[in-house]
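Heads up: the structure comes next, in structure tokens.
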Amino acid sequence: MNIAVSHKLVSILAVMTSAFLIMNTSAPTAGATVISSSNCVPPIGSQYSASQVAGFHQGWPVGAGTITFSNSIHNQFSGCTTPNAATPGALTIDTFSSTLSGTLIDLGGVSHSITVPDTMVTVQLIFTGMQGQTQLFDTTITQFDVSGGNLPAGVMLRQSLSKPTLGKTTITPIGNQFQISSFFDVFTDLSIDGGTTWIPSTIGGHVEVVPEPLTTWMIGVGAGTLIALARRRRNQ
């Protein structure tokens with residue numbers, strides 16, 4: 001195989017797999033990370049996925065039972081905003097629509113696989129300073145309105161009015177890309193009567209930003225294709 005071609009393939013492969021290797025760098029992070037072509041948030045090609053606490057992401061006590069929500073995925077963001085990092089204390093307000101999906105289990109134990117497009121979200125980001133080349137932000141979700149879609153009749157969600165949803169975001173330049181990490185500890189209120197009354201969640205669900213599955217799949221396929229091509233040329 002031609003040495004120049006071999007070196008070129010190795011270089012391309014290194015760029016395509018950088019999203020996996022970059023997590024071993026020393027840049028400070030706020031949870032899981034994604035690699036993005038832009039320093040805007042929510043990161044392009046990302047989603048927020050929930051860890052499961054006590055077997056579910058959110059739980060609302062209703063009488064002697066509990067309504068639960070698990071397998072939460074929040075993605076398909078309508079916009080991406082570059083936060084203000086001019087001086088410590090700089091404020092950015094980011095409002096966008098999105099899609100929330102997951103599994104809602106009602107008081108009767110019936111499982112509902114739900115998808116709710118047009119979920120409106122507003123995030124407040126406050127720049128707190130730098131750590132090396134990394135920008136640090138304190139974040140707060142101030143709006144989270146979930147209704148419609150295929151939710152059961154009367155079911156709605158909103159950002160909790162009694163407990164704030166707080167998080168952190170970091171942005172680190174890596175060559176001509178950006179390593180972005182972000183998490184939130186989410187508290188919501190549930191209504192089962194169309195918004196007449198609201199029930200606060202008893203557990204804050206932790207969510208972290210991760211690459212969307214298609215993004216990870218494309219990187220893996222691209223890397224695999226290059227490896228196969230290199231082997232084929234080596235055998236010619």
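Listed here are the residues, each with its yes/no results for (1) in a helix (DSSP H, G or I); (2) at pLDDT 95 or above; (3) in contact with a strand residue (DSSP E or B) (Cβ under 8 Å, 6 or more places away or on another chain); (4) on the phi < 0 side of the Ramachandran plot.
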| site | (1), (2), (3), (4) |
| --- | --- |
| Ile12 | yes, no, no, yes |
| Ile35 | no, yes, yes, yes |
| Ile44 | no, no, yes, yes |
| Ile67 | no, yes, yes, yes |
| Gly89 | no, yes, yes, no |
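The residue of region 187-236 that is surrounded by the fewest Cβ atoms within 10 Å (Cβ to Cβ), among those that are aromatic (Phe, Trp, Tyr) and at pLDDT 95 or above, is Trp198.
Could you tell me which residue of region 69-87 is nearest to the chain's Cα centre (by Cα), considering only residues that are of a type in the set (S, T, N, Q) and on the phi < 0 side of the Ramachandran plot?
Once the filter is applied, the top-ranked residue is Asn75.
Residues in region 70-87 that are in a strand (DSSP E or B) and within 17 Å of Glu208 (Cβ to Cβ): 6 in all. Within region 162-179, residues that are touching a residue at least 40 places away in the same chain (Cβ under 8 Å) and under 12 Å from Ile141 (Cβ atoms) sit with their Cβ atoms under 8 Å from residues that are surrounded by 15 or more Cβ atoms within 10 Å (Cβ to Cβ) and among the charged types (D, E, K, R), at 6+ positions apart or across chains, in these pairs: Gly167/Asp185. When Thr95 is tested against (1) modelled with pLDDT of 90 or more; (2) over 30 Å from Thr202 (Cβ atoms); (3) not aliphatic (A, V, I, L, M), only condition (2) is not met.
Taking the options Asp185, Asp138, name whichever one is within 21 Å of Ala50 (Cα to Cα), free of Cβ contacts under 8 Å to residues at least 24 places away in the same chain and within 16 Å of the chain's Cα centre (by Cα). I'd like the intermediate steps shown before the answer.
Numbers: Asp138 fails: free of Cβ contacts under 8 Å to residues at least 24 places away in the same chain.
Every option except Asp185 fails the conditions.
In this entry, Gly154 is excluded by the filter for residues that are farther than 22 Å from Thr202 by Cα, of a type in the set (Gly, Ala, Ser) and in contact with a strand residue (DSSP E or B) (Cβ under 9 Å, 6 or more places away or on another chain).
The values are calculated or read from the model by the stated rules, or taken from the named source; none is laboratory data. Please read these numbers as outputs of a predicted model, since none were measured by experiment. Heads up, the Cβs are rebuilt from the backbone with ideal geometry, glycines too, and the neighbour counts pull from every protein chain shown.
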